[in-house]
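Please find one structure pasted underneath; my questions will follow.
The values are calculated or read from the model by the stated rules, or taken from the named source; none is laboratory data. None of the values given here were measured: they were computed from a predicted structure. The area values use the complete protein model at the heavy-atom level, side chains included, leaving out ligands, DNA and RNA. Shrake-Rupley method; radii C 1.70, N 1.55, O 1.52, S 1.80 Å.
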Amino acid sequence: MQNKILIPVLFTIIFTIISCSSRVSIDVAANGDISANMNIRITQMFMSYMDDLSEAIGIERSTDSYFDIDQIRDSFAAFDNVTLEAISTPTRHDLNLRFTIRNDARGISEATHGILNLSENNGNKKIEFLLDLDKYRIISQKFLIEENPILSRLAPYPDNPFTIEEYLDTADFVFSEYSKDALSIIENSFVDIEINVRGRIISARGGRISGTRATFSIPVVRFLTLYEPIHLEVIYR
């Protein structure tokens with residue numbers, strides 16, 4: 001078994017757990033279909049930590065990539081309304097992918113376990129991203145994150161969540177041997193999300209509006225703890 005990261009189809013959360021930077025661009029079509037582009041990069045600090053942890057627990061190190069491309073493809077193939085359009089690992093610590101989610105009879109919400117939701121009321125359309133510990137627990141169980149000896153140490157703890165302050169204190173202790181700037185690296189790592197819609201944006205909860213685009217910048221540590229739910233919302237018409 002190699003120390004590659006088995007990426008589930010659903011989301012950015014697993015990417016952000018081990019990334020220095022994560023950029024996600026989401027396009028919402030008029031019929032509700034979603035097209036997403038993701039660019040992920042793992043920091044040297046996390047790479048060193050993962051390598052040491054792999055050696056300590058007897059997992060073979062991967063020499064080509066930290067991301068398991070075959071497993072990612074299999075994850076996408078398991079969903080009828082999700083299509084992986086493109087995937088590449090330009091370097092050992094980088095992952096680029098593009099995928100679509102079809103807004104069929106099941107709907108986006110059911111396909112994503114309620115993390116992504118589309119709705120319409122009085123001519124106003126809304127796309128909503130909501131991730132909390134209950135939803136993360138479903139993802140964790142579905143994709144056996146707790147059984148992955150690498151991810152389980154970096155992922156949120158649904159039954160005993162860290163506050164952000166507690167997580168930073170622990171991270172400073174754990175990662176200080178890998179970088180003198182460990183705490184700063186984590187505190188200054190963000191997930192940048194861009195949502196493009198077909199229409200005029202009326203509001204963007206927690207984000208900035210620029211024409212038909214809403215942008216959000218979420219600290220990675222919020223994904224790492226989920227002590228408070230991450231709730232993004234764009235209303236347009």
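Keeping all protein chains in place, calculate the accessible area per residue for segment 189-237 (probe 1.4 angstrom), answer in Å².
46
With every protein chain left in place, what is the accessible area of residue 92 in Å² (1.4 Å probe, nearest 10)?
Only protein atoms counted, so the area is about 70 Å².
Ordering 98, 237, 137 from largest to smallest accessible area (1.4 angstrom probe), what's the sequence?
237, 98, 137
If you roll a 1.4 angstrom probe over the protein chains with everything in place, what fraction of the accessible area of segment 116-237 belongs to carbon and sulfur, to the nearest %?
46
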